[in-house]
Amino acid sequence: MNLPNKITISRICLIPIFLLIMLLPLSWGELNVDGHVLPITHLVGTVVFIIASTTDWIDGYYARKLNMVTNLGKFLDPLADKLLVLAALLVLVDLDLIYGQTWIVIIIISRELAVTGLRAILAGSGEIVAAATLGKIKTWAQIIAISALLLHNLPFALFSFPLAYIALWIALIFTVWSGWEYFAKNKSIFINSK
């Protein structure tokens with residue numbers, strides 16, 4: 001297994017660590033910033049989430065720089081992204097940090113599962129689809145929104161600026177748009193199927 005794929009695997013391995021930090025009943029204290037309370041576990045969990053998310057850029061950089069783009073990498077990279085984002089979204093719902101926007105989580109999860117299914121169909125016909133540019137933008141929009149929500153919108157909450165919610169809506173738009181693009185580009189698989 002080459003270096004970029006090992007980095008991708010490390011992203012998958014960080015998911016259970018993130019989940020344990022966020023969901024176990026740990027009490028490491030809390031930060032109180034002008035009346036806004038942030039549990040330290042949420043801060044640490046966010047750091048782990050951001051580190052895991054950053055490996056998405058690192059594995060892609062090394063895959064291109066070292067000419068190590070492989071079919072395994074094309075498969076694992078978007079899968080690792082989806083697993084990380086879906087885990088974080090479910091944590092946000094479980095901890096009630098999504099603030100009445102659960103329907104957005106449902107749309108994002110539905111899109112991710114649909115595109116994963118499409119990739120599986122294409123892989124069955126011998127075609128491995130690498131993540132498209134719009135899909136990468138979607139992933140980073142989701143990462144920014146999730147990070148802001150995990151941090152309880154701090155420090156932006158101090159200025160009453162709803163960055164977390166704006167970012168969540170932007171992530172939703174790119175999620176739907178990129179999903180539409182994947183299906184539009186590959187509609188022939190459905191038209192030509194018997």
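Nearest 10 degrees, 0 to 90: what angle lies between the long axis of helix 102-124 and the longest principal axis of the chain (Cα atoms)? The two axes meet at around 20 degrees. With no solvent and one equal point scatterer placed on each C-alpha of the range 3-191, evaluate the Debye formula and give log10 I(q)/I(0) for q = 0.16 Å⁻¹, two decimals. Summing over Cα pairs of the range 3-191 leads to -1.01.
Computed on the chain, with alpha-carbon pairs under 8 angstrom and 6+ residues apart, the relative contact order is 23 percent.
Sequentially through the range 68-76, phi angles give Karplus couplings (6.51, -1.76, 1.60; θ = phi - 60°) of 10, 6, 10, 4, 4, x, 5, 7, 5 Hz, Gly and Pro residues having no value and appearing as x.
Cross-link partners of Lys74 among lysines, defined as those whose alpha carbon lies under 18 angstrom from its own and excluding same-chain residues fewer than eight positions apart: Lys6, Lys65, Lys82, Lys136, Lys138, Lys185. Stretching Thr70 away from Ser27 to a fully extended chain increases their span by 11.2 nm, per 0.36 nm per residue minus the current alpha-carbon distance.
Tell me, what is the FRET efficiency for Trp180 and Leu113 to the nearest 0.05, using R0 = 22 angstrom and their Cβ-Cβ distance as r? Rounded to the nearest 0.05, the efficiency is 0.90. Put a dot 7 Å past the Cα of Lys187, heading toward its Cβ, do the same for Leu79, and the two dots end up 3.0 nm apart.
Regarding the range 5-113, what's the average projected area of the Cα-atom convex hull, expressed in nm²? Don't skip to the answer; put the middle values down first.
On the way: hull surface 32.6 nm².
Averaging across all directions leaves 8.1 nm² for the Cα convex hull.
Size of the range 67-171: Rg and Dmax of its alpha carbons, in Å, are 15.5, 52. Taken along the Cα-to-beta-carbon direction at a fixed 7 Å, the label points for Trp140 and Asp94 span 2.9 nm.
Once both axes come from the Cα atoms, what is the angle between helix 3-23 and the longest principal axis of the chain, in degrees from 0 to 90, rounded to 10? For helix 3-23, the angle is close to 40 degrees.
For the range 35-50, 3J(HN,Hα) computed residue by residue from phi via the Karplus equation (6.51, -1.76, 1.60; θ = phi - 60°) reads x, 9, 9, 10, x, 4, 4, 5, 5, 5, x, 5, 4, 4, 4, 5 Hz, glycine and proline entered as x.
Kirkwood's formula applied to the C-alpha pairs of the range 1-43 gives a hydrodynamic radius of 12.4 angstrom.
Read the figures in this text as sums done on the coordinates, not as results from a lab. It should be emphasised that the depicted structure is a prediction, and the values quoted were computed from it without experimental measurement. When we count neighbours, we look across all protein chains shown, and the Cβ atoms used for this are built from the backbone with ideal geometry, even at glycine.
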